[in-house]
Amino acid sequence: MGIRKKTNKNPPVLSHEFIIQNHADIVSCVAMVFLLGLMFEVRLVHRLDLTIMCQLEGLPEESVVNHFHHGLQDVATVFFYMLVSIIIHAIIQEYVLDKINRKMHFSKTKHSKFNESGQLSAFYLFSFGWGTNILMSENFLSNPVNLWEGYPHTLMPFQMKFFFICQMGYWLHALPELYFQKTKKEDIPRQLVYIALYLVHIAGAYILNLNRLALVLLVLHCFVELLFHVSRLVYFSNEKRQTGFTVWAVLFVLGRLLTLSLSVLTVGFGLANADQQVLDLAIGNFNVLFVRITVLATICVTQAFMMWKFINFQLRRWREQVQVQPVKPKKPQAPKTNQWSERSKFQRS
């Protein structure tokens, strides 16, 4: 592609260039429609139900904590936060990443990778901090039995439900961003696989009421991925700093092992020994043998796929380092003299 000349002319309205340049403003206008809907009164069904339950059990209403479950109305909420993610993405890109790119003068390849790591570093940092806060407040880490005890976990506190809504909204926003960021055609398949894996696992756990296990695994995964993208940002600033990749490689393998262990412990042993093992869509119980095998198979295949990609990545890095290493110059040897010529000189003398 040749370098385009800058002109003062604005692109035609509703053209591709116009949408790409002004997509954040367009999305903001659409999001305003949802914000106007918040001005009208909405019936808090979940709080009413819990208040009635507390009154029947003779508990004070002050002890009521709002809990929520999933439903079809979540589709609209996820769509709204997908729009919010697009706006935040544009803000980070314009006011942070673009300014750094102008100072560093990256090549086209490094430019796209730097933008990707910059956006994902901010997201993983936010997700890791938020998810850790939920784990600490709900005491899931101190008592791992809570991951499967009392299943189905149809009711969630507000923070947990909001966390999953934002996760699904973020990864849905990555689909239109492929168009907005002018992603290369050869990179689109990799990005689609990456996005699809996140959506399938997060939405699947949300629908199957495996939100507690999914929260623990997401926090673990976000920490490992955060370390990788921060290490890549440091590498772009100074290619000699590669210590972060070594630490990430160790934690990546440990993360895969811990993910498999927690999944087998929760789904393979905890839910397998539960009392209720009947498919009941009304109460949200999916604890049957077929669902458990499907969940474990999906997790195992995904972890194997990630390890395969990890091994290929490490092999590629090793080959690049071998090619970059300079060849040591050989020491110059003294020129060999002919024995017969030396003898003839000696005899003449």
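The values are calculated or read from the model by the stated rules, or taken from the named source; none is laboratory data. Every value quoted in this text rests on a predicted model; they were computed, and no experiment measured them. Here the Cβ positions follow ideal geometry from the backbone for every residue, glycine too, while neighbour counts run over all protein chains shown. Note: accessible area is taken over every heavy atom of the protein model, side chains too, but ligands, DNA and RNA are not part of it. Shrake-Rupley method; radii C 1.70, N 1.55, O 1.52, S 1.80 Å.
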Output yes when any residue across the range 98-116 is open to solvent by 40 Å² or more (accessible area, probe 1.4 Å), part of a helix (DSSP H, G or I) and either within 20 Å of LEU218 (Cβ to Cβ) or aromatic (Phe, Trp, Tyr) (or both), and no when none is. yes
Report yes if some residue within the range 22-44 is open to solvent by less than 100 Å² (accessible area, probe 1.4 Å), within 30 Å of SER237 (Cβ to Cβ) and modelled with pLDDT under 90; otherwise report no. yes
Residue under question is ILE293, and the condition is that it be open to solvent by 40 Å² or more (accessible area, probe 1.4 Å) and in contact (Cβ under 8 Å) with a residue 60 or more places away in the chain; does it hold? no
Can you find a residue in the range 109-116 that is at pLDDT 90 or above and more than 22 Å from MET82 (Cα to Cα)? yes
Of the numbered conditions (1) in contact (Cβ under 8 Å) with a residue 40 or more places away in the chain; (2) more than 30 Å from GLY268 (Cα to Cα); (3) not hydrophobic (A, V, I, L, M, F, W, C), THR132 satisfies every one except a single condition; which is it? (2)
Residues of the range 262-315 being small (Gly, Ala, Ser) and within 26 Å of PHE68 (Cβ to Cβ), which ones? SER263, GLY270, ALA274, ALA282, GLY284
Just need a number here: residues in the range 244-260 that are open to solvent by 20 Å² or more (accessible area, probe 1.4 Å) and within 16 Å of ALA297 (Cβ to Cβ). 1
Within the range 150-160, restricting to residues that are assigned to a helix (DSSP H, G or I) and open to solvent by 30 Å² or more (accessible area, probe 1.4 Å), the one that is modelled with the highest pLDDT is GLN159
Mind listing whichever residues of the range 117-149 are open to solvent by 60 Å² or more (accessible area, probe 1.4 Å) and of a type in the set (Gly, Ala, Ser)? SER137, SER142
Where residues in the range 202-220 are of a type in the set (Val, Ile, Thr) and open to solvent by 10 Å² or more (accessible area, probe 1.4 Å), which of them is farthest from GLU138 (Cα to Cα)? ILE207
